[in-house]
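See structure below.
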Amino acid sequence: MKKVFLGLSLLAGLVGCVSKTVETDVNYRKPTAEGGATGVGDIDSSTDGARDLLGRYRLPIERDGETKVRVAYTYWSGEWPQPIADVSSKVKGSTVISGYPSPRVLKDRKSCQIKNGIYHPWSEKTPSLINYYSFMAPVDFQAKEDAVLEDGKKDGLKVPKGAKVTDVVPLSEGWVSGTLRIGKGVRVVEVFYSGLYESKSFVRLTPDDRFNEQWLHLECAAKDANGKSQTIFVEVYDLMNQNGVSPGTFDGYGKVKSQ
């Protein structure tokens, strides 16, 4: 089964962030309970026929009292995804962390007991993990004229004037992925970075917003009144600053371990 490296290192620039090659034993996880308390929900492109391995969709997220639509996808971006969260992996048992019922609005913080281990897209065992999520600002382009996008094929991808490439997210080695919209038709494409960001044939429709976050959705040991496991969302750098959590390290490409 083909699998993709993605981990959110969406810092300055969008080049060299996600590997297109596939080496790790991590299964693609679909979003959970869209619109419900246990998932992040969706409001847009998850139903437009252009879903892909990244599971991209749009949803409103509130930060600092302001709500904006962001692009969500079910993994982290990065050729070498950072950081590696080591939750007391050398000790058998569990650790109590804290997070939120939903990543959309950061309120009602609560505790959650999770199993010890290394939490990272390359980890062989993440026993309390339900899903990885990445959120970034929408990046959309429109063709000002008939154009050709480099897509790895000999003659490239012909795009007519007025066509849009939306929800662009970084891949690796100068490649990005987006949803090509020609009229009512939609398809997922992988094209070269400069073919959009540096092309005179395309205009960017969205502002240069560097918003990016990466989250874990975790299963807690506690059960609700119906005997169903409670869950929690925690942003990975928030998790890294909690008691019992330390940085892990890479053990070659596609492998992680404790330090």
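Can you tell me what percent of all Cα-Cα pairs in the range 141-231 are more than 22 Å apart? Please list the in-between numbers first.
On the way: 1648 of 4095 pairs.
Result for the distance tail: 40 percent.
So how do Lys228, Lys164 line up by other beta-carbon neighbours within 10 Å, fewest first? Walk me through the numbers on the way to the answer.
Working: Lys228 9, Lys164 18.
The most exposed by this proxy come first: Lys228, Lys164.
Set the bar at 22 Å for Cα to Cα. Now go through Lys90/Lys257; Lys115/Lys255; Lys153/Lys184; Lys90/Lys110; Lys161/Lys184 and name every pair that lies beyond it.
On the way: Lys90/Lys257 10 Å; Lys115/Lys255 20 Å; Lys153/Lys184 24 Å; Lys90/Lys110 25 Å; Lys161/Lys184 14 Å.
Pairs exceeding the cut-off: Lys153/Lys184; Lys90/Lys110.
So what is log10(I(q)/I(0)) for the range 90-144 at q = 0.22 1/Å, when the Debye sum runs over its Cα atoms only?
Calculated log10 I(q)/I(0) at the listed q: -1.01.
Let me check against my output: what whole-number percent is the relative contact order of the range 51-200, with C-alpha pairs under 8 Å and at least 6 apart?
Working: 278 pairs, mean separation 26.1, N = 150.
Relative contact order for the range 51-200 comes out at 17 percent.
Pop out the Kirkwood hydrodynamic radius of the range 181-242 from its pairwise C-alpha distances, inverse of mean 1/r, in Å to one decimal. Walk me through the numbers before you get to the answer.
Numbers: mean 1/r = 0.0603 Å⁻¹.
Over the range 181-242, the inverse of the mean reciprocal pair distance is 16.6 Å.
For the range 72-182, what is the convex hull volume of its Cα atoms per residue in Å³? Please report the intermediate quantities before stating the final value.
Values: hull volume 14.7 nm³, N = 111.
So the per-residue hull volume is 133 Å³.
Report, by chain and number, residues whose modeled amide H sits under 5 Å from the one on Leu157, excluding near sequence neighbours (fewer than 5 apart, same chain).
Sorted by chain and number, the residues that satisfy this are Leu149, Glu150, Asp151.
Determine the relative contact order of the range 191-259: mean sequence separation of Cα pairs under 8 Å and six or more apart, normalised by residue count, in whole percent. Before the final figure, lay out each step's value.
Details: 52 pairs, mean separation 12.0, N = 69.
Once normalised by length, the contact order is 17 percent.
Rule-based calculations on the coordinates, nothing more; no lab input. None of the values given here were measured: they were computed from a predicted structure. Ideal geometry is used to build each Cβ from the backbone, glycine not excepted, and the neighbour counts take in all protein chains shown.
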